[in-house]
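Let me begin by presenting the structure, written as structure tokens, before commenting on it.
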Amino acid sequence: MSFTLHDYVLSGNCYKVRLLAQILGVAYTVKPVDFHPGKAHKTPEFLALNPHGTLPVLESDNTLLTDSSAMLVWIAQQFDTTHTWWPTNDAHRLALTVQWLGFSAKLTESIGQLRLHTMLNRPADAATLNTLSTENLRELENHLCEQSIRGLAFLTGDQPTVADIACFAYSALSPDAGIEHTLYPAIRGWLHRIRCLEGFLTMPGIYEAHETRNEHTAAS
Ligand SMILES: N[C@@H](CCC(=O)N[C@@H](CS)C(=O)NCC(=O)O)C(=O)O
């Protein structure tokens, strides 16, 4: 079974889906949507598909999904034969994965919104979004420091899950919103480990790791 992704190349939420699909080697069809400047995601045709008027949208035979976290879970459950990306055989890690998927939505609402304001001049309370964004990055930084002390390289353990993909996108894209990674060394290390994963995919603003992959797979 494959799927169609209604996609915009500069969308961090669309990128999450493209990234997991690429890592898992899943082929899919892309339907580009003219998010900017066309606002095609606000047309009656698109709203009939997704009343929220947001991207991405995933369509498959019997599935229509309008939330990127739900899409990551669906893709992992369908296509990840190792059961590590959506760790259904480990109750604790599964619960932590859900918890960090929830956190990823906070990153969208803070960094994602600030990025739209910075890049597309969207009206917004930039000061409040900046405060929320830095608070969220600080929380992520503290968690990743604690994980590192335990020798764990990723958000929920020693393997990445869909939660790492979900939190990666807007953490990595924060410079687009005017927030550099300088103050967040643990985040920088974790971003790098994800960029070193086999099958990693870039997007504008998120680049390939240039260093040797194997040297950067453990927590540092
Ligand atoms: N909960 C949704 C949020 C999706 C979302 O906010 N997408 C942005 C693009 S990255 C969007 O379509 N925003 C509509 C707009 O700003 O007009 C998800 O995770 O997929």
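Annotations for the structure displayed:
- Kirkwood Rh, angstrom, region 91-216 [1 / mean 1/r, Cα pairs]: 14.9 Å
- Only alpha carbons enter this Debye calculation for the chain, each as an equal point scatterer, and the log10 of I(q)/I(0) it gives at q = 0.07, 0.17 Å⁻¹ is -0.21, -1.29.
- Cα lying deepest toward the dipole's positive end in the chain, options Leu5, Val162, Thr97, charges on Cβ: Leu5
- The charge dipole of the chain, taken about its Cα centre with unit charges on the Cβ of Lys, Arg, Asp and Glu (plus for the first two, minus for the last two), comes to roughly 200 debye.
- FRET efficiency for Thr128 and His181, using Cβ-Cβ distance with R0 set to 22 Å, rounded to 0.05: 0.55
- For region 1-79, the Kirkwood hydrodynamic radius comes to 12.5 Å, computed from all pairs of different C-alpha atoms.
- Helical content alone sets the calculated 222 nm signal of the chain at -14500 deg cm²/dmol, taking -39,500 (n - 2.57) per DSSP H segment of four or more residues and averaging over every residue.
- Binned Cα-Cα distances of region 38-147, short to long, each 5 Å bin given as a whole percent: 2, 10, 14, 16, 18, 17, 12, 8, 2, 0
- Count, lysine Cα pairs under 20 Å in the chain, 8 or more residues apart or across chains: 4
- A Förster radius of 35 Å, combined with the Cβ-Cβ distance separating Val9 from Gln159, puts the computed FRET efficiency at roughly 0.75.
- Each listed q (0.24, 0.25 Å⁻¹) maps to a log10 I(q)/I(0) for region 119-181 from the Debye sum over equal C-alpha point scatterers, namely -1.06, -1.11.
Every read-out reported here was derived from the displayed coordinates using simple, explicitly stated rules and does not represent laboratory data. None of the values given here were measured: they were computed from a predicted structure. In this analysis, Cβ positions are derived from the backbone assuming ideal geometry, glycine residues included, and neighbour counts consider all displayed protein chains.
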